[in-house]
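The values are calculated or read from the model by the stated rules, or taken from the named source; none is laboratory data. Since the structure is predicted, the reported quantities are computational estimates derived from the model, not experimental observations. When we count neighbours, we look across all protein chains shown, and the Cβ atoms used for this are built from the backbone with ideal geometry, even at glycine. Protein only, heavy atoms only, side chains kept; ligands, DNA and RNA dropped before computing areas. Shrake-Rupley method; radii C 1.70, N 1.55, O 1.52, S 1.80 Å.
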Amino acid sequence: MSHPVLVKAGGLIHLGDIVGAEAALASLAESDGDAALVVALNDFPAKDLLAVLRDFDSSRESVVNLLVSPEQFARAIVLERRYGDQSHERLHGMINSVVFRAGSDPGEFLEAIGELEGGCEALADYLCERVENIEHFFKTATFDFFADAEESADDMTDEERLDGLADPGVNRPFLTHSEVNDHDWMELTWILRYQYPEIFREVLLILRARARAEELASSDLAKSRPVDRLPAEPGEESAL
């Protein structure tokens with residue numbers, strides 16, 4: 001990280017001045033052009049890049065969000081879990097603002113994230129509140145719980161559906177891209193299923209594994225709780 005702007009930005013991040021760090025990075029784009037910042041970000045530590053990305057979203061734009069490359073974004077986003085944000089609100093905002101930014105190819109970002117170690121976990125975090133919707137989409141190819149499902153969906157077992165994701169003849173869209181163009185979780189899920197089915201499958205299995213683990217944990221907790229007994233009436237003999 002030899003570029004003076006990167007050194008300055010890194011120092012400001014260390015001091016907690018994220019806005020100042022973003023301004024320093026933006027100054028490089030202003031003085032040397034957008035391409036110069038894109039190249040410089042290759043030498044910027046992923047954890048520092050994430051610190052900047054976390055502070056900005058589509059409601060508060062940053063030149064970094066607009067210029068970060070898919071590979072740079074992927075390296076940063078997999079570190080988000082270290083923050084322990086159970087709501088994943090920041091993750092949701094970052095992915096929506098960068099992956100669906102104007103003029104970008106969302107698939108390039110999703111492919112870069114999915115192919116990186118920990119990337120599918122990050123995508124599962126993004127979709128963790130939509131598990132029921134994802135399962136319904138996987139089984140019926142539609143997000144509408146009341147709409148007619150794809151005709152062939154009911155004739156397939158779960159294993160057949162999973163295997164069918166790799167077959168374009170089976171895994172064909174029931175909804176068009178324009179019908180799910182929300183620049184949010186629905187469009188992201190649609191792109192994963194039909195453009196990157198292997199990543200979609202991995203994310204789906206991660207979500208299922210987490211759901212099973214939560215069910216087991218809840219069951220074990222229920223079993224460990226003592227059973228409340230009503231107090232015996234006066235003079236009532238114990239059954240023991």
Practice task
Just one of (1) closer than 20 Å to Phe174 by Cβ; (2) in contact with a strand residue (DSSP E or B) (Cβ under 6 Å, 6 or more places away or on another chain); (3) among the polar types (S, T, N, Q) trips up Ser97, so point out which.
Solution key: (1)
Fill in the blank from the handout: Residue pairs within 8 Å by beta carbon, gap of at least six or interchain, first lying in the stretch 1-20 and in the same structural domain as Asp48 (by the TED database), second open to solvent by 90 Å² or more (accessible area, probe 1.4 Å) and in a helix (DSSP H, G or I), listed first then second, are Met1/Asp43; Ser2/Asp43; His3/Asp43; Leu6/Asp43
Problem - Qualifying residue in the stretch 133-140 (condition: under 11 Å from the mean Cα position of the chain (by Cα), of a type in the set (Ser, Thr, Tyr), open to solvent by less than 30 Å² (accessible area, probe 1.4 Å) and closer than 18 Å to Pro197 by Cβ) - result: no
Practice task
Just give me the residues in the stretch 9-33 being over 28 Å from the mean Cα position of the chain (by Cα), in a helix (DSSP H, G or I) and loosely packed, with under 15 Cβ neighbours inside 10 Å, in sequence order.
Solution key: Gly11, Glu30, Ser31, Asp32
